[in-house]
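The values are calculated or read from the model by the stated rules, or taken from the named source; none is laboratory data. Bear in mind that the values here come from a model prediction, so they are computed numbers and not experimental data. Every residue, glycine among them, receives a Cβ derived from its backbone with ideal geometry; neighbour counts consider all protein chains shown. SASA here: full protein model, heavy atoms, side chains in, ligands and nucleic acids out. Shrake-Rupley method; radii C 1.70, N 1.55, O 1.52, S 1.80 Å.
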Amino acid sequence: MKPSLLNRFLTALTAVAIAGGLAGSIVRADSDSEIVAKINQHIRQGWEDNEVTPSERTDDAEFARRASLDIVGRIPTYSVLTEFLESEARDKRERFVDQLLDNEDYIRNSASIWGNLLVGRANNRGGGRAALDRWLRNAIYTNIPYDQFVKELLTAEGSSDENGAVVFLSSHLNEMAVPATAITSRLFLGRQLQCTQCHNHPFNDWQQAQFWGMNAFFRGTRRQGNPNRGAVTLTDAPAATMVDFEKRNGTMQSARRQFFDGDGAKVAELDVTVDILELRNRGQQRALAKPREELANYITDPSKPFLAETQVNRVWGHLFGYGFTKPVDDMGPHNQASHPELLKYLAGQFREAGYDNKRLIRWIAASDAYNLTSKSNDANLDDNPAAGEMPIFSHMYLKQFRAEQLYDSLLIATAADQANRTSDQAEAQRATWLRQFVQTFGTDENDESTSFNGTIPQALLLMNGQLMNNALGGGSGSFLRKVVLSATGRPDEDSKSAPKTAAQARLAATRAARSRNKNTPAKIETLFLVALSRKPTPAELDAFNDVYAKGKYSDPVVGLQDIFWSLLNSNEFVINH
C-alpha cells in the first residue's frame with residue numbers, strides 16, 4: 001500500500017474511533033458528496049436571498065494556481081500545471097487537490113501558517129521557533145485530529161528539545177500569563193476575551209471576572225531555562241483556584257478558576273484543590289487534576305461547538321480570503337456570522353469526521369463557490385467584503401500573497417535556489433528575507449505584525465534583490481536557462497531524453513546552442529505558464545513577441561530576461577485570484 005493511501009486509511013480508522021467514543025456508538029459524518037451538496041445549497045440560498053448572480057466557473061488554469069497557493073503555499077510547478085491542464089479526467093480538480101494534500105509542501109505551508117499564528121514569525125521567547133516547527137510538521141504529516149492537536153499544545157510539558165509543542169505556551173507566559181489566556185481563547189474558541197482583561201465587554205455579557213477565571217488555568221505553569229540560549233522546560237506547579245485582579249475603579253476582586261467559552265450564559269467552575277497536604281488530611285484518593293488538562297478537556301469537549309466552529313471559520317477564511325466573520329477569530333453575539341446555518345453544519349460534520357483537516361479542505365475546495373472565477377459581473381459587484389459588506393461568496397475574492405507565498409513562488413517560477421547556490425544557502429536566504437518584513441512590539445500581548453504590503457520599497461527589494469538577480473541571470477540550473485536552451489520552448493519535453501554518454505552530451509550542447517534563437521513565441525508562452533499559470537492571450541503574445549523582435553537581442557537570454565522580469569513583477573503575479 002502506498003504511504004499516502006496508508007496514511008488515509010489510518011486517518012479514517014482514527015476518525016471513526018474518535019467519532020464513536022468509548023460507548024461504542026459510532027457517529028459518522030455525511031458522505032463527501034452530501035457535504036459538498038449541502039455547502040452549495042446554503043451558499044446558493046445566500047445568492048438568492050441577496051438577489052445576486054454568481055460569477056462563472058473558473059477555468060482550470062486559475063483553479064490550479066489558486067488551489068496550489070492556498071494548499072501548498074506557492075504557485076504550481078510548470079510540469080504539474082501542464083499535466084493538469086492537459087488532463088481530460090472529469091474529476092481532475094478533486095484529484096489535483098488530493099495531490100496537493102499529499103505533497104510535502106502542504107506540510108511545510110501548514111506548519112508555517114500555524115507557527116505564525118501560535119508564536120509569530122520572529123518570536124523566540126519560548127525556546128525556538130525551529131523546535132515548534134518540527135513538532136508542527138510531524139503533527140500535520142500524520143494529519144493529527146484537530147482536537148488532539150489543540151489538546152497537545154495546551155497540555156505540553158517537558159523540554160522544547162523533546163517536545164516542541166511547549167514552545168507555544170512558553171512564548172506567552174509573561175505578564176501573569178495574560179497573553180496565554182488571550183491567544184488560547186482567540187485561536188481555539190474564536191473569542192477575543194483580551195478586551196475583558198481590564199473591563200466588561202462593551203457589546204455583550206462577557207465579564208472581566210471571566211477573563212481572569214480563564215487566566216487562573218495558567219497560573220501554575222512555569223517556564224525554566226533561557227529561551228535565547230537553548231531549550232526551555234515547561235512544568236506545572238500547584239496554583240490557587242482563586243486569582244485577584246484590579247477593576248477599572250481601582251478596587252480588587254477575586255475570580256475562581258473557571259472555563260468561559262464566550263457563550264455568555266454558562267460558566268463551568270472547577271472544584272480543584274491543589275494543596276496536597278489538605279488532600280491527604282481529608283483522606284481523598286483521587287489524583288490532582290492539572291489545570292491545563294482540565295482547560296483542554298473543556299475546550300475540546302465534543303458537546304461544545306466552539307472549537308469546531310472556529311477551525312471551520314479559519315479554514316474557510318484561508319481559502320476564500322474572508323470567513324463567515326471578520327476577523328475569523330472574533331466570533332460571538334457581537335459579531336454575527338454571514339452564514340450561521342452553514343457554519344453550524346460544517347462544524348458538526350468536521351467534528352463527526354474526527355476533526356480531519358484534510359477532509360475539511362476537500363469539502364470546501366470542491367464547492368461551487370470555491371470554483372468560481374474572481375471576475376465579478378454586473379449582478380455581484382456589491383459582493384465586496386473589503387468595503388465592509390457581509391461576504392456572499394458569489395465570486396472568488398482577491399488575496400494578496402503572504403511573504404512566504406511570494407518567496408516560495410519565486411523559487412518555483414525561477415529555480416533561483418538552484419542557480420549556483422546550495423539548499424542550505426537558499427533556506428538561510430529565505431529566513432533572512434522574511435525577517436525583513438516582521439515588526440515585533442514590546443507589549444504584554446506579544447504583538448507582532450508584518451509590514452509586507454506591496455509598497456514601492458518592497459517592490460524595489462523584490463525587483464533588485466539577490467534572489468531576483470539569481471532568477472534572471474540565466475545561471476546554471478535556473479528555469480530561464482532551461483527555457484532559452486529548449487528546442488521546443490517546453491523544457492520538460494527536452495529533459496525526457498537526457499544524454500547518457502559524452503558524445504550525446506556534446507550533441508545536446510550543439511543543439512541547445514542552435515535552439516537559443518528559435519521558437520521564441522513558445523518560450524514566451526512557457527514563461528507565462530510558469531509565472532502566471534496561464535497562457536498569454538493572442539494580444540499579449542503578439543505584443544511581447546513584437547518587443548522581442550524589435551529589440552534585436554544578440555543574446556536571447558537578455559530578451560527573455562526582460563519578459564520574465566515584467567511578468568514576475570506584475571500585479572497579477574503577487575495576487576492569489
Which condition from (1) among the polar types (S, T, N, Q); (2) surrounded by 22 or more Cβ atoms within 10 Å (Cβ to Cβ); (3) in a loop (DSSP other than H, G, I, E, B) is the one that Ser110 breaks? (3)
Looking only at the stretch 301-327, filter to residues that are within 13 Å of Tyr146 (Cα to Cα) and among the β-branched types (Val, Ile, Thr); which one of those is nearest to the chain's Cα centre (by Cα)? Val315
The lone exception for Glu83 - which of (1) over 25 Å from the mean Cα position of the chain (by Cα); (2) acidic (Asp, Glu); (3) open to solvent by less than 70 Å² (accessible area, probe 1.4 Å) it fails: (3)
I need a count of the residues in the stretch 25-63 that are of a type outside the set (Asp, Glu), surrounded by fewer than 17 Cβ atoms within 10 Å (Cβ to Cβ) and in a helix (DSSP H, G or I). 6
Working only within the stretch 223-259, note down all residues that are at pLDDT below 75 and among the basic types (Lys, Arg). Arg229, Lys247, Arg248
Is it the case that the stretch 326-334 has a residue that's of a type in the set (Val, Ile, Thr) and crowded, with 21+ Cβ neighbours inside 10 Å? no
Can you confirm whether Arg129 is open to solvent by 20 Å² or more (accessible area, probe 1.4 Å) and either within 27 Å of Ala308 (Cβ to Cβ) or touching a Leu at 6+ places or on another chain (Cβ under 6 Å) (or both)? no
For Gly115, which of the numbered conditions (1) touching a Lys or Arg at 6+ places or on another chain (Cβ under 9 Å); (2) more than 27 Å from Thr414 (Cα to Cα) fails to hold? (2)
If we ask which residues in the stretch 526-570 are free of Cβ contacts under 8 Å to residues at least 40 places away in the same chain, within 31 Å of the chain's Cα centre (by Cα) and surrounded by 19 or more Cβ atoms within 10 Å (Cβ to Cβ), their number turns out to be 2
Filtering the stretch 301-331 for residues that are of a type in the set (Phe, Trp, Tyr) and part of a helix (DSSP H, G or I) leaves a count of 3
Within the stretch 359-407, work out how many residues are farther than 30 Å from Trp433 by Cα, of a type in the set (Lys, Arg) and surrounded by fewer than 20 Cβ atoms within 10 Å (Cβ to Cβ). 2
Looking at (1) out of contact with any helix residue (DSSP H, G or I) (no Cβ under 8 Å at 6 or more places or on another chain); (2) touching a residue at least 24 places away in the same chain (Cβ under 8 Å); (3) not basic (Lys, Arg), which one does Pro340 not meet, given that it meets all the others? (2)
Output for the stretch 353-402, where each listed residue is touching a residue at least 60 places away in the same chain (Cβ under 8 Å), assigned to a helix (DSSP H, G or I) and either among the aliphatic types (A, V, I, L, M) or in contact with a Lys or Arg (Cβ under 6 Å, 6 or more places away or on another chain) (or both): Ile361, Ile364, Ala365
